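A.B. asks: Before I ask anything, let me first share the structure, which is written out below as structure tokens.
The values are calculated or read from the model by the stated rules, or taken from the named source; none is laboratory data. As the structure is a computational prediction, the values presented were derived from the model and not from experiment. Heads up, the Cβs are rebuilt from the backbone with ideal geometry, glycines too, and the neighbour counts pull from every protein chain shown.
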Amino acid sequence: MSILNEVQILQRLSEPDLERRIMITPLVRPEEQFGPTSVDLRLGTDFQVMYRSNITHLDPTGEQERLGRDVRRAMQLVKVQPTEPFILHPGEFALASTLEFVKIPLDLAARLEGRSTWGRLGLQIHATAGFVDPGFAGALTFELSNVSRVPLPLYPGIRIAQICFYESGKTSLPYTQKRYSKYSGRTTTASSAFYKDPEYQRIRQAMQMETTHATAMTSPKPEPAPIP
Amino acid sequence: MHRVLLRLLVFEILERICRFESLLEEYDASLNLREVSVSGIHSLGSPFANGLYRKLASVKQHILLSSNQWESLFTDNLEQNGSWSRAQVQLLVSQVQQAQNSLNELSRLFSRAARIQPRSELSIFLKDAMPLSFLPNAHGLEVLLLGEEESLFVQPLAGGSQATSSQPLHWPLEDILPAPLSILQVNNPMAWVSLVKPYAASLFTAQSNDWLDATKQGRVPPLPENLRLDTAAEACIALRLLGPAYYYQQVSQALLYLDVNYLYHMEPLLFQALNYFSYTDKTLVILHEAVEKTIRLLSVEDSFPVQAGKTAMPEVVDALLHCVEALIPNRYAFTEKHFQRALKLQERLTQETFLSATPLYSPEELHEALARFSQNGPGEAGSPSSSDNIYSLLAMTTETPHAPREIITAGWVTKLDRLSVWLYDALNSPEAMPTNGLDGPAANTLWPGMARFKDRLERQDHLLLKSVETSEIHRVLLCGAPEEWTSRAATSVPAAGMPALR
């Protein structure tokens, strides 16, 4: 698995075979955005911030509809104007997304990384999820954290991250067709849908079965009918 | 009535139902989010929202029950020349009117209860389409959200008839221009083009003395009695600012309210204006021909009261358009080049990708340049010639932002083009709704065709809104860039001054 250099990325941007073409739009100033093996991506305008005072906790084994509502309740949506900053305070966590629409072909995987310029100021752009599957199309989500001691003003359109591409061989399981993909086709900041993971469905079922079993064990057995 | 118009009419009514449902869901969700769930007890939902859901479900049910009669919208066994019979038209019209009246009532109720704000993308669109610097005597344009068919304005369209809007009635703030928008259309960027009407009216008012002088002096021939100068001039100004999107929106609106007089008197004028400004596309011709055939059919059958009288003479309209062209220079106008760029965006919208920007060079041109680069070799790594070469290649991927008006026009063209496919899918679902027990958003699942229609509509709205916003950030980031990168005047020709490939 090798990483694509700038010429190979350019070749993929102009690839005649649409299935093999990378799409990154808008490319505003490519001479500033391209590196030897990466393309810088910009920050969008939609943010989601954890709003803790609205909920006690998130219990993934609860009812799915209610959990979805709890997640929405826990995330405050913030939208900034094109020349207005979003202030990320020390220790704060926020979700955001790329300004660009990114489409990855079926034979490439990609990795989203921070830029050292921002790293030196204490900004992290993802917690654990920097990997992008082949076939992904949409806006990529950032998991922003400020680990410094000063607030960071983040303006829409700033180059905050970089994406690099790896050849993977053509997959038969593109992201959009994955049976359990939860964020396919999203073009805006999406909050976690962790509660939709099938494991929780199984845990819920197992818990229900245990409860039913326990109820059956503790309930008084019916008296045997008297022999006539 | 011609089949094209019938489809558009049914599409418009389904679209309004979906838009109302989306607003209701948004409102319901915001009420739910306000409830504190510390105790684990959740809101039982708003009785007001539930009541509206129930009423909306009965409108949907009414439409679904009627839809089997509309099957011939998609089949060829029509009477004459792709048209329906008089009885069929009257039946459809009464069904649509009934649904429309119910929706109007619901939206009026809703607009009083819900606090819905216009979206931030709206100000980007207004800045592009209706610059305030161009408008004398107004310090701001205020968008007012009203219920469907509510208006602050009354506009005499022709003769003594009172139709939709333009003249403000006793508006107390003279330096603020009020622009009413239906609450149902607050999230629909394609409907924002209707906001140009009060803007155009204000522009006309500022110029009206000059225009009346021109008429008196014979430079502009007088209009026929049944067409007022202000109405005609405002329509021409609006078309100059927004291009075909204004034509599409006005015809759809007239159709929805079955305003046959508007179609009879104003549509030919607007179509002539489209030709005058050289906008060409098959969707425009198809729509115009459908209106023409329908009017001909109606005047024969006398199904609707059309105010008799001459339509405006072509030379009169040309003179009027000449004045409008002088009033609004190309820099502010939606030109034919803008329209050509908008037409190219249609494919992207169908593929559900952003349409905020287009590359200066096509992928084919970049591909050829890369082939030459590979043949000649990049030069020694790190040498100045090597880096010059690669920067020339990178510059070829630069994209130029689209004007919000181009993005919204692409939305209209796609709607007109895909209309039949969307409708067929929505109306030909084998599933039917039950006759009772409809409550809350769960009712959506009972008519999957309609749910798919609504989903498509929401995705398209979102893409258009996101593209409008992204294009604005793109423009901000291009501040100080070469003029050809930022130029609003559209061109697909590679910009002069781009670095040459060595």
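A.B. asks: Hey, among the residues in the range B:404-423 that are in contact with a Phe, Trp or Tyr (Cβ under 8 Å, 6 or more places away or on another chain) and under 16 Å from B:L195 (Cβ atoms), which one's surrounded by the fewest Cβ atoms within 10 Å (Cβ to Cβ)?
C.D. replies: B:W412
A.B. asks: Taking the stated definitions as given, is A:F165 aromatic (F, W, Y), within 14 Å of another protein chain (Cβ to nearest Cβ) and under 23 Å from A:Q11 (Cβ atoms)?
C.D. replies: So A:F165 fails the test.
A.B. asks: Filter the range A:19-35 for residues that are out of contact with any Lys or Arg (no Cβ under 6 Å at 6 or more places or on another chain) and more than 10 Å from chain B (Cβ to nearest Cβ) and give the result.
C.D. replies: A:E19, A:R20, A:G35 - these are the residues of the range A:19-35 that are out of contact with any Lys or Arg (no Cβ under 6 Å at 6 or more places or on another chain) and more than 10 Å from chain B (Cβ to nearest Cβ).
A.B. asks: Which members of the range B:353-389 meet the condition of being at pLDDT 90 or above, more than 7 Å from chain A (Cβ to nearest Cβ) and in a loop (DSSP other than H, G, I, E, B)?
C.D. replies: B:L355, B:L360, B:Y361, B:S362, listed by residue number.
A.B. asks: Here's a check for you: in the range B:204-238, which residue that is in a loop (DSSP other than H, G, I, E, B) and at pLDDT 70 or above is farthest from the chain's Cα centre (by Cα)?
C.D. replies: Across the range B:204-238, the extreme among qualifying residues is B:Q217.
A.B. asks: Looking only at the range A:45-65, decide whether some residue is among the basic types (K, R) and surrounded by 19 or more Cβ atoms within 10 Å (Cβ to Cβ).
C.D. replies: No: the range A:45-65 contains no residue that is among the basic types (K, R) and surrounded by 19 or more Cβ atoms within 10 Å (Cβ to Cβ).
Condition check ((1) within 10 Å of chain B (Cβ to nearest Cβ); (2) closer than 30 Å to A:E6 by Cα; (3) part of a loop (DSSP other than H, G, I, E, B); (4) hydroxyl-bearing (S, T, Y)) across all residues:
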{"site": "A:D46", "(1), (2), (3), (4)": "yes, yes, no, no"}
{"site": "A:T56", "(1), (2), (3), (4)": "yes, no, yes, yes"}
{"site": "A:G62", "(1), (2), (3), (4)": "yes, no, yes, no"}
{"site": "A:L67", "(1), (2), (3), (4)": "no, no, no, no"}
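A.B. asks: What residue, among those in the range A:148-176 that are β-branched (V, I, T) and out of contact with any Pro (no Cβ under 8 Å at 6 or more places or on another chain), is surrounded by the fewest Cβ atoms within 10 Å (Cβ to Cβ)?
C.D. replies: Looking at the filtered set, the residue picked out is A:T176.
A.B. asks: Scan the range B:406-423 and give yes if some residue there is touching a strand residue (DSSP E or B) at 6+ places or on another chain (Cβ under 8 Å), modelled with pLDDT of 90 or more and within 13 Å of chain A (Cβ to nearest Cβ), otherwise no.
C.D. replies: Scanning the range B:406-423, I find no residue that is touching a strand residue (DSSP E or B) at 6+ places or on another chain (Cβ under 8 Å), modelled with pLDDT of 90 or more and within 13 Å of chain A (Cβ to nearest Cβ), so the answer is no.
A.B. asks: Looking at the range A:69-92 only, could you name the residues that are under 26 Å from B:E121 (Cβ atoms) and touching a helix residue (DSSP H, G or I) at 6+ places or on another chain (Cβ under 8 Å)?
C.D. replies: A:V71, A:R72, A:R73, A:K79, A:Q81, A:P82, A:T83
A.B. asks: Being touching a helix residue (DSSP H, G or I) at 6+ places or on another chain (Cβ under 9 Å), more than 14 Å from every other protein chain (Cβ to nearest Cβ) and either touching a residue at least 40 places away in the same chain (Cβ under 8 Å) or farther than 23 Å from A:I22 by Cβ (or both): is that true of A:L95 here?
C.D. replies: On the way: touching a helix residue (DSSP H, G or I) at 6+ places or on another chain (Cβ under 9 Å): no; more than 14 Å from every other protein chain (Cβ to nearest Cβ): yes; either touching a residue at least 40 places away in the same chain (Cβ under 8 Å) or farther than 23 Å from A:I22 by Cβ (or both): yes.
Against the criterion (touching a helix residue (DSSP H, G or I) at 6+ places or on another chain (Cβ under 9 Å), more than 14 Å from every other protein chain (Cβ to nearest Cβ) and either touching a residue at least 40 places away in the same chain (Cβ under 8 Å) or farther than 23 Å from A:I22 by Cβ (or both)), A:L95 does not qualify.
A.B. asks: Going by what's in this entry, would A:Q76 be described as surrounded by fewer than 21 Cβ atoms within 10 Å (Cβ to Cβ), assigned to a strand (DSSP E or B), within 11 Å of chain B (Cβ to nearest Cβ) and of a type in the set (S, T, N, Q)?
C.D. replies: Yes: the conditions hold for A:Q76.
A.B. asks: Looking only at the range A:1-18, count every residue that is more than 7 Å from every other protein chain (Cβ to nearest Cβ), surrounded by 14 or more Cβ atoms within 10 Å (Cβ to Cβ) and among the charged types (D, E, K, R) and tell me the total.
C.D. replies: Of the residues in that region, 2 qualify.
A.B. asks: Which one is nearest to B:L195 (Cα to Cα), of the residues in the range B:127-148 that are buried (at least 16 other Cβ atoms within 10 Å of the Cβ) and either of a type in the set (D, E) or within 14 Å of chain A (Cβ to nearest Cβ) (or both)?
C.D. replies: B:D128
A.B. asks: When only residues in the range A:16-27 that are within 24 Å of the chain's Cα centre (by Cα) and part of a loop (DSSP other than H, G, I, E, B) count, which is farthest from B:L478 (Cα to Cα)?
C.D. replies: Out of the qualifying residues, it is A:R21.
A.B. asks: Working only within the range A:97-149, note down all residues that are under 13 Å from the mean Cα position of the chain (by Cα), β-branched (V, I, T) and not in a loop (DSSP other than H, G, I, E, B).
C.D. replies: A:T98, A:V132, A:T141
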